[in-house]
Structures are given as structure tokens and as C-alpha cells.
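First the structure, in the form of C-alpha cells, and then the observations on it.
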Amino acid sequence: MHKIVKSFLDEVGKRNQNEPEFMQAVTEVAETVIPYIYQNEIYYGQNILLRMVEPERVVSFRVAWIDDQEEIRVNRGYRIEMNSAIGPYKGGLRFHPNVNLSVLKFLAFEQIFKNSLTTLPMGGGKGGSDFNPKGKTDTEVMRFCQSFMTELFRHIGPNRDIPAGDIGVGSREIGYLFGQYKRLKNEFTGVLTGKGVSWGGSLIRPEATGYGVVYFVEKMLEQKNLNFKDKKVSISGSGNVAQYAAEKVTSLGGKVITMSDSSGFILDKDGIDAEKLNFLMKIKNIDRERISKYAEKFPSATYFQNRTPWRVGCDIALPCATQNELQLVDAKSLIKNGCICVGEGANMPTTSDAISLLIEKKILFAPGKASNAGGVAVSGLEMAQNSLRYNWSREEVDSKLKEIMNEIHNSCVKYGSEKNYINYVKGANIAGFVKVADAMIAQGVV
Ligand code: NDP
């Protein structure tokens, strides 16, 4: 089997040179899905995985815009339409200087499996730009978003491809993008998700990814007769996912001891309670400041510059910042310090060797494509509400989100149960694969 997987990866690698993040995501899936294909005749000989790793369409375009000093600036925009077997392309837009084809293809590939797991009819896509919103004024961000959408609008649509937010794309950016789409098409449709509640957005969408991660981890803990009460929880990131994961952990009785940004992390030994989290949300979302301000305000906290939080002892770790932020040395340190569970809030935050070690040591490990699927799931619910021209209440959306996270957990258990251990990586990959593969076979070679 090892040889078969290697030969598949060699073939994909040749076609996708200089795309390390994409190959990392493909490798993780291939290692669990190829053995499954060989055990299940209906998938054998269909070259489904080979078809899945090839995007249905990749769009790359120039985004020219004028900054506040009246200088002409040029960025690159992308949309990867990866797979539409089970529904229109769906996945976020990322604005970050390290965005390139490899990063977006890894995210779009992961999105196929994640969207399939949600039980909702959504295909996989992702997009974005190497534009850095940090340090830009609101009007610069608006001009950039308008220029970006002036090209993107011809490739997307409410039944074709429905982008959303991701790193660097929050409610402000979604607003500017939606405004420009509406102006160009003269149509008010659910073409983007993550919209403001007064103009077609869903309640609970901002909270959904963070809440969903915590609901998923709660289910994992339940398998071991454990819960969040009095657990020390280390979170990385301080953006959308991290903030609402922290809020939900605290409401379930856990103690959040760390959060971070790309400059460093804060350790608050007394815990980041609801009031302190409100302050953190203000500095990150409104003032657009650095997390170090938190330690200036609260004496119980210490700031560690240019460091990640994984050397601090905790019971549960929730990486919620970015890809490859939790490495082998970090996994070793977490295990040594008694960590029992790692739940990915970000996409692919844990490196492959770190995942292997966590699984080998039988630490509960939730891959992002399962545990962070709550965001896209509520995006799917936003699309449903847009089509119905109707809004569900907070309670209705939250209970649907919980139900979906339970379903995803059940699927992982179904396909990932091993002797005395649930391998959630294997479970999520196979469960996500099966639904898409069945649809691809039914639809013929296209
Ligand atoms: P935000 O932009 O709101 O926040 C990102 C956070 O991560 C910030 O604290 C940022 O720090 C930090 N960060 C970004 N890049 C790096 C880096 N290279 N090194 C260290 N820290 C970094 O993004 P989200 O919270 O939306 O997304 C976080 C992760 O969750 C991403 O992997 C995303 O793909 C994933 N995700 C998001 C979903 C959503 O609904 N938003 C859905 C599913 C997954 P700083 O403030 O300094 O930039």
C-alpha cells in the first residue's frame, strides 16, 4: 500500500511542483483514503482521487488599486473552483501577504471534504489575494475590495460559487465586496456569506466556527467521560475563530489561558474571562491593535513576543491562527505537559509529523476539516435562509450548528474507529470522500 500511495503522490507532485502546502494536504488525505479505495471495489479503478486533486478551474487576475498617497498598487487575486460534485463551489477568501497558489489550493482541497462532512450541498472552493489589509485605511481596503470584485464577479453567483471570509476578510471586507457585486450585477442575491444581519446575513455566522470547534471537542471529550469544566485551554490566534472559541470554552466552565497574534502570545494565569475577552475583541476588531495591549491592561497576563503558546502546560490546545503553527517540538511539549486533546480551529495548523506523534500517543486529535466545519455549515444555512427569504432565530441556528457538529463527529467515529482509539483524521477523510466520490461516479467522467 505504501508503494501505491507513494506512486500516486509522485504523480501529483510532478504536476504541482513548488506547492508544498497543497502537497501536504493531499498527502494526508491520500494516506488514509487510498487504502479505503482499495478495500471498496466501487471506487477502485475510477481515478477519483486523481480527479479530485485537479481543480475544476483556477482563475488568477490582476487587482490594481490606488492607495491614499495616490500611488498605483498591484496585487494578485485568485479563485480556485476545486470541486462541484455535490453543490456549487463554496469557500472563503483570504487576504494575506503569504497567499499564493499552493496555499489556496490546499485550502480549496480541504474544503471539498469539509463541506461534504457538513451534510449540506456545497462543493469546494477558495480564493483570495496577497493583499495585506493590516495598516491600510478603511478607504484603501474599500478600493481594493471594489477592484478585486470587479474581476471576481464574473466567476461567481448564488448558484455557481459563493465566497465567504477567512484570514483578513471579516465583516468589513464582505460588506465592501457585496456592495460592489450588487452594483455590477444590479442584483441582491446570496452571492457571499458572512453578510451583516440587516442585509441577508445569518445570526451566529460570526460565532459559528469557534463555537463549532468547541462543540466538536466537547463530543470528543464525552467519549472519555470528560468535559470542559475546569480544563486549562490554550488557544492560538485572536481573530474570528479564536475569539468565539474562547467565549464558548469559558461559558462551558473551561479556563482559557493563552491567545496570540502574529507578533506573539499572552499568558493569563487567571484565565481570559468574558470581560477580558470583550476588551481583547475591542483591541483586535475595532482598534485593529496588537495583542500585547492586553498584557499592558491586565497585570495577571504576560506577553511573549515572537513565540507561540504551545510550551505552556494545558489540558486542551485549540490552534486557531494559521497553517503549520503547531510543529513537532510543540506537540512533544504539549504531550509532556499533560495535554489530552488538540482540536484544530484553523486549517492545517498542525504539521504532519506533529499529527503522527499525537495519534501515536493516542491524544485526542481533531483535524480542522471536521472540527472547524461549523463556519461553512452556518454559511450553508445562510444560503438556505437567503433562498427562503427568511431568517432563523439565534437559537434555531445554534441548535442546527450543534446538530451538524454532532453529525460530523458521528461520521468520524463511523469511519475512524480503531482499537481503543478514534482516528479522527482517517474518519474525516474517508467520510468526506465517500459522499463526493459517489456523486462523481454518478455524474460520469467530467
Ligand atoms: P482572522 O483574520 O480573523 O484571524 C487570524 C488570526 O491568526 C489573527 O490573530 C492573526 O494575527 C493570526 N495569524 C494570521 N497569520 C498568522 C501567522 N502567519 N502566524 C501567526 N499568527 C497568524 O482569521 P480567522 O480567525 O477567520 O481564521 C483563522 C484560521 O481559521 C485560518 O486558518 C482560517 O482558514 C480558519 N478558518 C476560518 C473560518 C472562519 O469562519 N473565519 C472557517 C474555518 C476555518 P494578526 O492579528 O497579527 O494578523
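FYI, it's all coordinate maths here, none of it is from the lab. Since the model is a prediction, treat every value here as computed from it, not as a measurement. Here Cβ is always computed from backbone atoms with ideal geometry, including for glycine, and neighbour counts include all displayed protein chains.
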Beta bridges per DSSP with both ends in segment 76-162, % antiparallel, nearest 5: 50
Rg ratio (alpha-carbon, reference 2.2 N^0.38 Å) - segment 127-178: 1.10
Extension gain, residue 46 back to residue 68 (0.36 nm per residue minus Cα-Cα distance, nm): 2.6 nm
Residue order, fewest to most beta carbons within 10 Å, for 8, 265, 106: 8, 106, 265
Sorted peptide list for 32-38, 128-134, criterion being average Cβ within 10 angstrom, highest first: 128-134, 32-38
Neighbour cut-off at most 14 other Cβ (10 Å), DSSP loop, trypsin sites (Lys or Arg not before Pro), segment 321-376: 361, 362
Qualifying trypsin sites (Lys or Arg not before Pro) in segment 379-416, DSSP loop, other Cβ atoms within 10 Å at most 10: 389
Cβ-based exposure ranking for 325, 289, in which fewest neighbours within 10 Å come first: 289, 325
Two-site FRET efficiency, residue 289 against residue 198, from Cβ-Cβ distance with R₀ of 45 Å, rounded to 0.05: 0.95
Cα gyration tensor of segment 2-52 - equivalent ellipsoid semi-axes, whole Å, descending: 20, 10, 9
Hull volume in cubic angstrom per residue (convex hull over the Cα atoms of the chain): 139
Among beta bridges that DSSP assigns inside the chain, antiparallel share in %, nearest 5: 55
Computed label-point distance, nm, for sites residue 407 and residue 38 using a 7 Å Cα→Cβ extension: 3.3
Mean-position separation - Cα centroids, segment 106-137 and segment 317-366, in angstrom: 22
Rounded, prolate or oblate (a/c below 1.5 giving rounded, otherwise prolate when a/b exceeds b/c) for segment 73-195 by Cα gyration tensor: oblate
Value of [θ]222 nm, deg cm²/dmol, for the chain, DSSP H segments ≥ 4, -39500 (n - 2.57) each, nearest 500: -15000 deg cm²/dmol
Residue exposure sequence - 310, 392 - by fewest surrounding Cβ within 10 Å: 392, 310
At R0 = 45 Å, FRET efficiency that the Cβ-Cβ distance of residue 60 and residue 337 yields, to 0.05: 0.55
Volume of the Cα convex hull of segment 332-446, divided per residue and given in Å³: 148
Extension gain, residue 11 back to residue 137 (0.36 nm per residue minus Cα-Cα distance, nm): 40.9 nm
DSSP H segments from the chain that extend 18 Å or more along their own axis, Cα-based, with Kyte-Doolittle mean of 0.0 or above: 20-39, 101-117, 374-388, 424-442
Local electrostatic count, residue 202, Cβ distance below 9 Å [Lys/Arg +1, Asp/Glu -1]: +1
Rg ratio (alpha-carbon, reference 2.2 N^0.38 Å) - segment 18-133: 1.24
Linear extension gain, residue 389 paired with residue 263, 0.36 nm per residue minus alpha-carbon span: 41.1 nm
Loop-resident sites, segment 211-267, for trypsin sites (Lys or Arg not before Pro), counting at most 13 other Cβ within 10 Å (DSSP): 224, 229
Distance from segment 28-54 to segment 139-174 (C-alpha centre basis), Å: 34
Cα centroid separation - segment 215-277 against segment 278-316, whole Å: 13
Summed residue charge, Cβ within 11 Å of residue 154's Cβ, Lys/Arg positive, Asp/Glu negative: +1
Global geometry of segment 380-446, whether rounded, prolate or oblate, following the gyration tensor of its Cα atoms and the 1.5 cut on a/c: oblate
Per residue convex hull volume, Cα atoms of segment 150-209, in Å³: 88
Nitroxide proxy distance, nm - points 7 Å out along Cα→Cβ at residue 270 and residue 183: 4.8
